[in-house]
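Chemist: Sending over a structure as structure tokens; questions will come in a sec.
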Amino acid sequence: MTIVVGYSPSGQGRAALSAALRYGARTGEGLAIASHQYNDPERGVTSASEDEVRAELRALGEEPAQLTVHSSSERDIGEFILTVVDEVDASLVIIGLRRKPPIGKLNLGASARRVVLGAPCPVLAVKDESGGE
């Protein structure tokens, strides 16, 4: 089985990767990184490359033996993550969430809501501990 991780180079992405590493170490499952598009101030709309994802994993302290990185030009992040979930027959999806002010705590972002409601497997949503980016 495989754990799918929604990732972009942000506090939310790092929180999701970190949780996936912990969970994968316990279960022995591989990771499928859904490297979704984000707006980089220098490069414009892009997604993290496999090398960038591997560097982030090394910075977090380990790199799993079973790792695939998926990227797409799909602009709908939720739909892209769900596509990867179906492709790899995921056992779990891990996504990172931004911290929200008290008034916004009742709504998930549109992409997170799409993943939570559309995934055929459990979804673990983790908070960005850095305070948001």
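Chemist: Give the number of residues within segment 66-88 that are out of contact with any strand residue (DSSP E or B) (no Cβ under 7 Å at 6 or more places or on another chain) and part of a loop (DSSP other than H, G, I, E, B).
Modeler: Number of matching residues: 5.
Chemist: Moving on. Might you check whether a residue that is within 15 Å of Gly96 (Cα to Cα), out of contact with any strand residue (DSSP E or B) (no Cβ under 9 Å at 6 or more places or on another chain) and part of a helix (DSSP H, G or I) occurs anywhere in segment 4-27?
Modeler: Initial filter on segment 4-27 (within 15 Å of Gly96 (Cα to Cα)): 4-23.
Those left that are additionally out of contact with any strand residue (DSSP E or B) (no Cβ under 9 Å at 6 or more places or on another chain): 22.
Now drop any that are not part of a helix (DSSP H, G or I), which leaves 22.
Yes, segment 4-27 contains at least one residue that is within 15 Å of Gly96 (Cα to Cα), out of contact with any strand residue (DSSP E or B) (no Cβ under 9 Å at 6 or more places or on another chain) and part of a helix (DSSP H, G or I).
Chemist: Pick from Asn107, Asn39: which is farther than 14 Å from Met1 by Cα, in a strand (DSSP E or B), at pLDDT below 90 and not hydrophobic (A, V, I, L, M, F, W, C)?
Modeler: None of the other options fit; the residue is Asn39.
Chemist: When the residues of segment 1-14 are narrowed to those that are hydroxyl-bearing (Ser, Thr, Tyr) and in contact with a helix residue (DSSP H, G or I) (Cβ under 7 Å, 6 or more places away or on another chain), which ends up surrounded by the fewest Cβ atoms within 10 Å (Cβ to Cβ)? Give the steps one after another, and end with the answer.
Modeler: In the first step, residues of segment 1-14 are kept if they are hydroxyl-bearing (Ser, Thr, Tyr); the result is 2, 7-8, 10.
Right, trim to in contact with a helix residue (DSSP H, G or I) (Cβ under 7 Å, 6 or more places away or on another chain) and you get 2, 7.
Details: Thr2: 21, Tyr7: 31.
Checking each candidate, the answer is Thr2.
Chemist: So if I check each of Glu74, Glu133, Glu56, Glu129, which one is modelled with pLDDT under 85 and surrounded by 15 or more Cβ atoms within 10 Å (Cβ to Cβ)? Quick ask: steps written out before the conclusion?
Modeler: On the way: Glu133 fails: surrounded by 15 or more Cβ atoms within 10 Å (Cβ to Cβ); Glu56 fails: modelled with pLDDT under 85; Glu129 fails: surrounded by 15 or more Cβ atoms within 10 Å (Cβ to Cβ).
Checking each option against the conditions leaves just Glu74.
Chemist: Of Leu31, Leu82, Leu17, which residue is surrounded by 17 or more Cβ atoms within 10 Å (Cβ to Cβ), more than 17 Å from Val126 (Cα to Cα) and either of a type outside the set (S, T, N, Q) or in contact (Cβ under 8 Å) with a residue 60 or more places away in the chain (or both)?
Modeler: Values: Leu31 fails: more than 17 Å from Val126 (Cα to Cα); Leu17 fails: more than 17 Å from Val126 (Cα to Cα).
Answer to the check: Leu82.
Chemist: Evaluate segment 42-62: report whether one residue or more is aliphatic (A, V, I, L, M), more than 11 Å from the chain's Cα centre (by Cα), over 17 Å from Gly118 (Cβ atoms) and assigned to a loop (DSSP other than H, G, I, E, B).
Modeler: Yes, because at least one residue in segment 42-62 is aliphatic (A, V, I, L, M), more than 11 Å from the chain's Cα centre (by Cα), over 17 Å from Gly118 (Cβ atoms) and assigned to a loop (DSSP other than H, G, I, E, B).
The values are calculated or read from the model by the stated rules, or taken from the named source; none is laboratory data. It should be emphasised that the depicted structure is a prediction, and the values quoted were computed from it without experimental measurement. Heads up, the Cβs are rebuilt from the backbone with ideal geometry, glycines too, and the neighbour counts pull from every protein chain shown.
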